[in-house]
Amino acid sequence: MELIIYLLKVNIALVLFYGTYYFLFRQDTFFQWKRPVLLAIIFISFLYPAIDLPRQLIANQELKNVLETVHIPVYYLPEAVITGNANADINLFPKVIIAIYILIFALLFIRMLFQIGTIPVKLRHTTRKVLFGQTVYESRGMKTPFSFFRWIVLDPSRYSETELREILLHETAHVKQKHSVDTIAAELMCILCWFNPFAWLLRTEIRMNLEFSADHSVLASGCGAEHYQFHLLRLTYPKAAAKITNNFNVSLLKKRIFMMNKKETSYRSLWKYALILPVIALLLFFNSMFQTQAAPVNEMNYNRQNPVTTQDEPNRKIFDHVEAMPQFPGGTAALLKWLQENIVYPTEAAQKCIQGRVVVRFVVTPDGSIEDIEVKKSLDPLCDNEALRVVKTMPQWIPGKQDGNPVYVYYSLPIVFRLQPAEKPVK
């Protein structure tokens, strides 16, 4: 299930980023600017689900001190996981989905490795030589020139001297700018997100931008645009050397010619690239909210601390953290063991396949008893009530102390109700 949630987050990001790129940057001629943006889209999409801003803030000691001054609760107990049995057929569905995903992922990954593996095979049948100061690998009969990292493979006998210079300028741009890194990153993105059409569209945009950039390098060197474009038209072949390589000819030739003839975008339009930041902020906020509601550990509660009053103690102050925090007899491990031994997975909840997390907040008093028990994150009344029942029966704690005096202290306890497939009877 965690894998499904992670992939869902990644693909939401890819959809948002692709939409932003398509409507704001796609027609720009800032090819060198678009390249890091496109790469950042890939890496941010896969990395942001692991970023929990509240947890990262708490991990920073200086920021932790700031949080302490505004009384934001920062102490939370580890989660207690309570397992129960569920209908095996129902719980089999996510496993089938994951199995299908892994199978197709494996096939696509093997295909990519095969494509990369064909390149050394092709190189074995080539002759290394230097043309116009550039090392190339001559392959007789090679119809479509291509490059991969530092290797440029072509058949020089097929082209005139002018055409050969243009090809080398184009492929050298791919080599010097290490465009193969982008190509492999885009391929891996599609392999991991094969079910998302926006991932494949994004790969197309990445590969096109690399070609636009290489074409721009050719024209910037002084080659005539008209002659170069006619050269591209003569090199239009239906089959590329290998999908993972940078090919001199690509099927989207019309777009390449269009971008070569397009008027350069004004530098005043560069401000648009800052609009990618709100999208990143939105994703981080979304992920942090999700972590807040469903993270396995360290759930956060951002309610400001207010003195809690009762009829018998109208001015008592409840601390979020103190010099000596309250302790369950025997420590945290003993607490988790006690909870697992005393919480019973509600039968009706198991039958209804209800599972998830309940967060209970309570106060440890100066005498070690438990008071003010409440559900801060609800799952279902069946599980909520069971969590409350057990917390109310907790044994007496070792109270917390501030300035050497016992005090009232908040604690939050995440309790996870997790179903497992029912075991099949042995025949």
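Computed from the coordinates by the stated procedures, all read-outs in this text should not be read as laboratory data. This is a predicted model, so every value here is computed, not measured. With ideal geometry, Cβ positions are generated from the backbone for all residues, glycine too; neighbour counts draw on all protein chains shown.
Using the Karplus relation 6.51 cos²θ - 1.76 cosθ + 1.60 with θ = phi - 60°, the per-residue 3J(HN,Hα) values for region 26-32 come to 4, 8, 5, 9, 7, 4, 6 Hz, with x marking Gly and Pro.
Spacing of the modelled spin labels on LEU270 and LEU3, each 7 Å from Cα toward Cβ, amounts to 4.4 nm.
Taking the empirical scaling 2.2 N^0.38 Å for compact globular proteins as reference, region 328-416 has a Cα radius of gyration ratio of 1.16. Our compactness index for region 102-146, the C-alpha radius of gyration over the empirical 2.2 N^0.38 Å, is 1.59.
Consider all pairwise Cα distances in region 106-184 and report the whole-number % of them above 18 Å. Summing the P(r) tail past 18 Å for region 106-184 gives 42 percent. The three principal axes of the Cα atoms in region 87-236 give end-to-end lengths of 72, 33, 25 Å, sorted in falling order. Placing dummy labels 7 Å off each Cα toward the beta-carbon, the span from ASN385 to PHE43 is 5.3 nm.
In order along region 179-190, the phi-based Karplus estimate (6.51 cos²θ - 1.76 cosθ + 1.60, θ = phi - 60°) of 3J(HN,Hα) comes to 5, 5, 4, 5, 4, 5, 4, 5, 5, 5, 4, 5 Hz; Gly and Pro are listed as x.
When the Cα positions of ILE370, VAL391, TYR345 are compared along the charge dipole of region 337-391, TYR345 comes out farthest toward the positive end, with charges on each C-beta of Lys, Arg, Asp and Glu.
Near GLY84, the amide H atoms lying under 5 Å from its own belong to ARG418, LEU419, GLN420; only residues 5 or more places off or on other chains count, and H is placed 1.01 Å from N. Can you work out the PRE-style zone for PHE109? Point 7 Å along Cα to Cβ, and I want the residues of region 1-31 with backbone N under 16 Å. Residues 3-4, 7 fall inside that zone. Taking amide hydrogens as placed 1.01 Å from N in the peptide plane, the amide H of ILE318 sits under 5 Å from those of VAL308, each at least 5 positions away in sequence or on another chain.
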